[in-house]
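> Structure provided below as structure tokens; questions to follow.
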């Protein structure tokens, strides 16, 4: 079901071409229709880094402003890990 959403994107990105505005619009519309069809069963979203940057929290605690090209990403902050030896643990 979700596989068909990525076929056009994979074809364009595989060649390093990126998506045209028309292709981006078509995929956005397909995602909108799938969201409606799967309402309540799956939260499906179209994250279009090419149209605007998005804030992303990575698993390692980095907070990034991600753009279409990874080289353009901006590190905004690092969330420190809470370990028992750091003294930042809350008392129970």
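Where a number appears in this text, it was derived from the coordinates with a stated rule and is not lab data. As the structure is a prediction and not an experimental result, all values here were calculated from the model. So basically every Cβ, Gly included, is an ideal-geometry build from the backbone, and we count neighbours across all protein chains shown.
> When the chain is fully extended, how far beyond the present Cα-Cα distance does residue 41 get from residue 62, taking 0.36 nm per residue of separation?
Between residue 41 and residue 62, full extension yields an extra 4.6 nm.
> Sticking with this one: If you take the beta carbon distance between residue 75 and residue 20 as r and set R0 to 30 Å, what does 1/(1 + (r/R0)^6) give as a FRET efficiency, to the nearest 0.05?
0.50
> Another question, if that's okay. Tell me, what is the FRET efficiency for residue 30 and residue 55 to the nearest 0.05, using R0 = 22 angstrom and their Cβ-Cβ distance as r?
0.35
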